[in-house]
Amino acid sequence: MSRPWPPGSLADFSELFLKLDQSQGVHEKQKTLLAFLKQDGLANKDAAWALWLLAGERLKRTVAPTLFRKAIGEATHLEPWLVEECYQSVGDLAETSALLVTCSDTRRTPSNYAAKGLADLIEEDLLTLRGLEPDEVCHWMMAAWKWLTAPQVFCLNKILTGGLRLGLSRQGLVQALADRLTIAKPLLAQRMLIFLSQQPTAESYRVLVSQEEPSDFEAYMPGPAPFFLAQSLSILGDPLEQAVKCEQKLGPFANWAAEWKWDGIRAQLVVDAAGQLQVWSRGEELVTEQFPELEQLLSGPAWPQSLPLKLDGEILAWDGPNQRPRPFSDLQKRLGRRRPSKAMQNSHPVVFMAYDLLGLAGRDWRAEPFSARRAGLVSVVTSLACSEAQPNAERFPKPIRLSPIVAADNWAELAQLQARAREQPAEGLMLKRWDAAYGQGRTKETPQGELWKWKLAPLTVDAVLVYAQRGHGRRAGLYTDYGFAVWDDRQDPAVLVPFAKAYSGLTDAEIKKVDQVIRKTIEDKFGPVRQVSPSLVMELGFEAIMVSSRHKSGLAVRFPRILRLRPDKTIEQADRLSSLRAMLL
């Protein structure tokens, strides 16, 4: 009888992965995870990598999908088109390769890769693939696949491609650990955020699960705090009707503060006691280098008294002369640039719009009511925004702003202002209880909730389906991803011009009906994309529209989704490009 796999090995983690995938319900998944972590002999470094991966983190730039397809083809001697057809049918590249390359020889010998500890496998093998030539990467994968079982191949490939999504959220991971270790959930959530922000190690895992009590606020909050997320306030009708519904749902207007819901990148600005600045995105990524102009905030007399400091807010592209946000498309030009040039910083400047005060001079402010946090925030931002005497101070002021409280006397006045939010430009309003603490996640400790986003009704357009692509996962084999067009009336006669892609909004039954139509109307193929003859009209909703030189239509829309099918409309009745251009601010 062969010996069992060592705890924390690839084979052991593959068994965990399979059990979690097959488990029903959050509690069963948590129980399965805890059984894995309680194993005798499980090394901290292997437990660290397991948690890091199960939390949804992924190795960066390890193996490109095209190289994966090449390795599958070489391992199976299948033509590229057949590999692609298999992938389109299965809908998952890791699963496709597991099905195609797994050895069926029952005399399989033990694999060194299967028995290798998860940490050693990743650090000694997977991370080194980045520096190899493509052919060397292919040969490594083929060698690793050769004697692994299908679940092991699948798990290994999932690690390489990312996407270990098993229905257990980060909050679920935190809850499971908190129950096992009897550590306060808020403390463990804070530790988890720091743990996931770096490459996992045995020491970072030890700190995560340590039952030692922190001596002070900074001892357990050296980085960002878990973000407080808003619940959606879904109310329909004209402003007067919405005002009545707000009164009924949220109570007296005097209990609430309103701010504009800006369209940027949610972020926390963290400065430690030594004056070191960190900027964290809501996705828990350190993005300090992408926005070097925020370093300007470190100068000035306020810092010795204010450190350490933690602010919650939004990074916005900024129109300095008009003192207002620029479209999100301008901010997109800054994203992904590790060190933007001075020219880019000057042509596409950003500001930090401060929402909330989380920490100041070593004190945790999150439990304080919003009224107190707001007063402290006003004082801090006022002192930080005061530029020292310098040339061009008016043209290049310090990049921090205080998110204003929207002035209104009652729900009816606020509803009228909310309806005109795009003039700011903003997506709507944020509603905060004056007496509410800064929560964690989508906290709902009172019947009314503590933080609401009251977004504008979406802009809408009737568009024609012209492209389709198969989905992934449980929707593999069905055409679920769509490309839409409107009539370009700049030409005579008007022609259909693509302008948006959308894949959400239809029910499973509707997707099947659309899939049947697509299969009957395919005109051409472009890799996985199918061009279809125009026959279906759908109503799309989106948050904003902007000019874009990258699109043939000259426009781009933000967060497009399908609102409904329009069988009552012919393709000739779909909207014109001029109608979309009229929506531009």
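When Val486 is evaluated against the numbered criteria (1) touching an Asp or Glu at 6+ places or on another chain (Cβ under 7 Å); (2) open to solvent by 10 Å² or more (accessible area, probe 1.4 Å); (3) hydrophobic (A, V, I, L, M, F, W, C), which criterion, by number, is the only one it fails? Tallying (1) touching an Asp or Glu at 6+ places or on another chain (Cβ under 7 Å); (2) open to solvent by 10 Å² or more (accessible area, probe 1.4 Å); (3) hydrophobic (A, V, I, L, M, F, W, C), Val486 fails exactly one: (2). Of all residues in the stretch 514-564, those satisfying the criterion of being within 22 Å of the chain's Cα centre (by Cα), in a loop (DSSP other than H, G, I, E, B) and either hydroxyl-bearing (Ser, Thr, Tyr) or on the phi < 0 side of the Ramachandran plot (or both) are Glu543, Pro560.
Evaluated against (1) modelled with pLDDT of 90 or more; (2) under 26 Å from Arg282 (Cβ atoms), Val497 falls short on exactly one condition, (2). Restricting the search to helices (runs of 4 or more DSSP H) fully inside the stretch 20-98 and requiring at least 3 residues that are at positive phi gives an empty result. Tell me, please, whether a residue that is in contact (Cβ under 8 Å) with a residue 24 or more places away in the chain, surrounded by 14 or more Cβ atoms within 10 Å (Cβ to Cβ) and closer than 23 Å to Gln30 by Cα can be found in the stretch 143-153. Scanning the stretch 143-153 turns up at least one residue that is in contact (Cβ under 8 Å) with a residue 24 or more places away in the chain, surrounded by 14 or more Cβ atoms within 10 Å (Cβ to Cβ) and closer than 23 Å to Gln30 by Cα. Would you confirm, using the coordinates I've provided, whether Pro404 is under 27 Å from the mean Cα position of the chain (by Cα), modelled with pLDDT under 90 and not acidic (Asp, Glu)? Here the answer is no, as Pro404 does not meet what is asked.
Within the set Glu123, Glu95, Glu84, the sole residue that is open to solvent by 10 Å² or more (accessible area, probe 1.4 Å) and within 19 Å of Leu18 (Cα to Cα) turns out to be Glu95. If the condition is being surrounded by fewer than 19 Cβ atoms within 10 Å (Cβ to Cβ) and under 20 Å from the mean Cα position of the chain (by Cα), then the stretch 249-276 contributes only Arg266.
Kindly indicate whether Leu51 is open to solvent by less than 40 Å² (accessible area, probe 1.4 Å) and not polar (S, T, N, Q). For Leu51, the condition - open to solvent by less than 40 Å² (accessible area, probe 1.4 Å) and not polar (S, T, N, Q) - is met.
Among the residues of the stretch 327-340, those that are on the phi < 0 side of the Ramachandran plot, open to solvent by 60 Å² or more (accessible area, probe 1.4 Å) and assigned to a loop (DSSP other than H, G, I, E, B) comprise Pro327, Lys333, Leu335, Arg337, Arg338, Arg339. The C-beta contact set for the stretch 517-538 (first residue closer than 13 Å to Phe484 by Cβ and open to solvent by less than 50 Å² (accessible area, probe 1.4 Å), second residue of a type in the set (Asp, Glu) and at pLDDT 95 or above, distance under 6 angstrom, 6+ apart or interchain) comprises Val537/Asp462.
Identify, please: which residue in the stretch 341-386 is outside any strand (DSSP E or B) and basic (Lys, Arg) and is, among those, surrounded by the most Cβ atoms within 10 Å (Cβ to Cβ)? Residue satisfying both the conditions and the ranking: Arg373. Mind listing just one residue for me: the one in the stretch 235-259 that is part of a strand (DSSP E or B) and of a type outside the set (D, E, K, R) and, of those, farthest from Ala421 (Cα to Cα)? Among those that are part of a strand (DSSP E or B) and of a type outside the set (D, E, K, R), it is Trp256. When the stretch 399-423 is filtered for residues that are open to solvent by less than 20 Å² (accessible area, probe 1.4 Å), assigned to a helix (DSSP H, G or I) and either of a type in the set (Asp, Glu) or touching an Asp or Glu at 6+ places or on another chain (Cβ under 9 Å) (or both), the ones remaining, listed by number, are Trp411, Ala415, Ala421.
Within the stretch 277-297, if we keep just the residues that are in contact with a Leu (Cβ under 7 Å, 6 or more places away or on another chain), open to solvent by less than 10 Å² (accessible area, probe 1.4 Å) and not β-branched (Val, Ile, Thr), the residue that is nearest to Lys310 (Cα to Cα) turns out to be Leu277.
If you go through the stretch 5-19 and pick out every residue that is touching a residue at least 40 places away in the same chain (Cβ under 8 Å), open to solvent by less than 70 Å² (accessible area, probe 1.4 Å) and not in a helix (DSSP H, G or I), you end up with 3. Close contacts from the stretch 424-440, counting a first residue that is among the basic types (Lys, Arg) and surrounded by 19 or more Cβ atoms within 10 Å (Cβ to Cβ) and a second that is modelled with pLDDT under 95 and assigned to a loop (DSSP other than H, G, I, E, B), with Cβ to Cβ under 6 Å and a gap of 6+ residues or different chains, come to Arg433/Glu450.
Starting from residues that are part of a loop (DSSP other than H, G, I, E, B) and farther than 17 Å from Phe542 by Cβ, keep the ones in the stretch 457-473 and report whichever is most open to solvent (accessible area, probe 1.4 Å). Among those residues, the one meeting the criterion is His472. Scanning the stretch 548-585 for residues that are at pLDDT below 85 and open to solvent by 40 Å² or more (accessible area, probe 1.4 Å) yields Ser549, Arg550, His551, Leu584, Leu585. The residue that is farthest from Trp365 (Cα to Cα), counting only those in the stretch 227-239 that are surrounded by 12 or more Cβ atoms within 10 Å (Cβ to Cβ) and over 29 Å from the mean Cα position of the chain (by Cα), is Gly237. Answer yes or no as to whether Gln491 is modelled with pLDDT under 90, in contact with a helix residue (DSSP H, G or I) (Cβ under 6 Å, 6 or more places away or on another chain), surrounded by fewer than 17 Cβ atoms within 10 Å (Cβ to Cβ) and assigned to a loop (DSSP other than H, G, I, E, B). Against the criterion (modelled with pLDDT under 90, in contact with a helix residue (DSSP H, G or I) (Cβ under 6 Å, 6 or more places away or on another chain), surrounded by fewer than 17 Cβ atoms within 10 Å (Cβ to Cβ) and assigned to a loop (DSSP other than H, G, I, E, B)), Gln491 does not qualify. Within the stretch 352-367, none of the residues are charged (D, E, K, R), more than 20 Å from Pro226 (Cβ to Cβ) and either in contact with a helix residue (DSSP H, G or I) (Cβ under 7 Å, 6 or more places away or on another chain) or modelled with pLDDT of 90 or more (or both).
Among the residues here, Trp81 qualifies as within 30 Å of Arg530 (Cβ to Cβ), among the aromatic types (Phe, Trp, Tyr) and modelled with pLDDT of 85 or more. In the stretch 139-231, counting only helices (runs of 4 or more DSSP H) that sit wholly within it, the ones holding 1 or more residues that are at pLDDT 80 or above span 150-161, 170-181, 185-196, 202-209. Figure legend. Inter-residue proximity from the stretch 475-491: first residues polar (S, T, N, Q), second residues part of a strand (DSSP E or B) and open to solvent by 50 Å² or more (accessible area, probe 1.4 Å), beta-carbon distance below 8 Å, spacing 6+ or different chains. Indicated pairs: Thr480/Gln469. Reported count of residues in the stretch 117-176, each being in contact with a helix residue (DSSP H, G or I) (Cβ under 6 Å, 6 or more places away or on another chain) and within 25 Å of Leu188 (Cα to Cα), is 8.
The values are calculated or read from the model by the stated rules, or taken from the named source; none is laboratory data. These numbers were taken from a predicted model, which means no experiment stands behind them. Cβ coordinates were reconstructed from backbone atoms using ideal geometry, including for glycine residues, and neighbour counts include every protein chain displayed. Surface accessibility is based on the protein's heavy atoms, side chains included, excluding ligands, DNA and RNA. Shrake-Rupley method; radii C 1.70, N 1.55, O 1.52, S 1.80 Å.
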